[in-house]
Amino acid sequence: NIRQHIRLKYTNLMKLFFLTLLNIFFVINSFTQDIKEVITTTHSKKIEKSFDLGNGKKFSNLYFEGTWTNNLGNYGRNECIGTVSHLTNNIDLNIMCESVDKNNNKEWSLLTREGEMISGIGISTVVETTASYKKNYVGTKCTYATTYLDDVNFTISKCPVSKNLYDIMLKEVN
């Protein structure tokens, strides 16, 4: 009797465990299927004006002008202005970019990062857009990686958006 009771409790516990795992799997699966990524590739030429503060310290204004494409089939031009300070061993970068797409929609993003100037990973936050999906897109935080060859940067950014927003963006591009 005790063995049967223990076996029954064990069986019920295992059923509960597997049902919980199954529910977690379905929740994670449905969540990940609802998230898409807008992937943008940018190439820009950099113009830098700096003050050399001595001892390896420097403060710079940056201006970038270039082009971009994304995985939605959209493309356009971009222009960025901002600052980078080399007051420690790492840089502190704050840049505002204006991107204009083929339909003349504008988007403004604030790029921030710390680390080395030659390359690095940072966060880009969408602060404004003229696109119809503005309400669901402003505030989106994207991850970007950039590297330089002389005065040209090569950047890729990935912005997680809902499947619904992704579909709206895709429809608006075409």
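The values are calculated or read from the model by the stated rules, or taken from the named source; none is laboratory data. As the structure is a prediction and not an experimental result, all values here were calculated from the model. Here the Cβ is made from the backbone with ideal geometry for all residues, glycine too, and neighbour counts use every protein chain on show. Only protein heavy atoms, including side chains, enter the accessible area calculation; ligands, DNA and RNA are left aside. Shrake-Rupley method; radii C 1.70, N 1.55, O 1.52, S 1.80 Å.
Give me the number: length gained by fully extending Ile35 to Glu114, i.e. 0.36 nm times residue separation minus the C-alpha to C-alpha distance, one decimal in nm.
On the way: separation 79, 0.36 × 79 = 28.44 nm, distance 2.75 nm.
Computed gain between Ile35 and Glu114 is 25.7 nm.
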Task: Interchain or long-range residues, amide H under 5 Å from Asn71's placed H - done: Ile39
Open item on the list: Given a Förster distance of 22 Å, report the FRET efficiency between His43 and Val138 from their Cβ-Cβ distance, rounded to the nearest 0.05.
Closed with: 0.30
- [ ] Tell me which residues come under 5 Å, amide H to amide H, from Lys46 once H is placed; ignore anything under 5 positions away on its chain.
- [x] Val152, Asn153
Open item on the list: Quick check: residue separation of Asn104 and Ile123 times 0.36 nm, minus the Cα distance between them. What number comes out in nm?
Closed with: 4.4 nm
Open item on the list: Limiting things to C-alpha atoms, what are the Rg and the maximum Cα-Cα separation (Dmax) for the stretch 65-174, in angstroms?
Closed with: 14.4, 46
Open item on the list: Tell me the carbon and sulfur percent of the accessible area for the stretch 99-171, rounded to whole percent, probe radius 1.4 Å.
Closed with: 55 percent
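Which pairs, out of Lys46/Lys106; Lys45/Lys163; Lys135/Lys158; Lys49/Lys171; Lys45/Lys158, put more than 29 Å between their alpha-carbon atoms? Intermediate values should be presented prior to the final figure.
Values: Lys46/Lys106 21 Å; Lys45/Lys163 33 Å; Lys135/Lys158 19 Å; Lys49/Lys171 41 Å; Lys45/Lys158 21 Å.
Beyond 29 Å: Lys45/Lys163; Lys49/Lys171.
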Task: trypsin sites (Lys or Arg not before Pro) restricted to DSSP loop in the stretch 98-130 with at most 16 other C-beta within 10 Å - done: Lys102
Open item on the list: Show me, for the stretch 95-111, the HN-Hα J-couplings you get by feeding each phi into the Karplus relation (A = 6.51, B = -1.76, C = 1.60, θ = phi - 60°), rounded to Hz, glycine and proline as x.
Closed with: 9, 9, 10, 10, 10, 10, 9, 5, 9, 6, 6, 10, 9, 10, 10, 9, 9
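Which length gain, in nm to one decimal place, applies between Ile6 and Asp151 when the Cα-Cα distance is subtracted from 0.36 nm times their residue separation? Before the final figure, lay out each step's value.
On the way: separation 145, 0.36 × 145 = 52.20 nm, distance 7.19 nm.
Full extension of this stretch gives 45.0 nm more.
Arranged from highest to lowest average of other beta-carbon atoms within 10 Å per residue, in what order do the peptides 50-56, 76-82 appear?
Details: 50-56: 10.0, 76-82: 17.1.
Per-residue mean Cβ counts within 10 Å order the peptides as 76-82, 50-56.
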TODO: Please turn the phi angles of the stretch 112-127 into ³J(HN,Hα) values with the Karplus equation 6.51 cos²θ - 1.76 cosθ + 1.60 (θ = phi - 60°), one per residue in order, whole Hz, x for glycine and proline.
DONE: 10, 5, 10, x, 8, 6, 4, 6, x, 10, x, 10, 10, 10, 6, 9
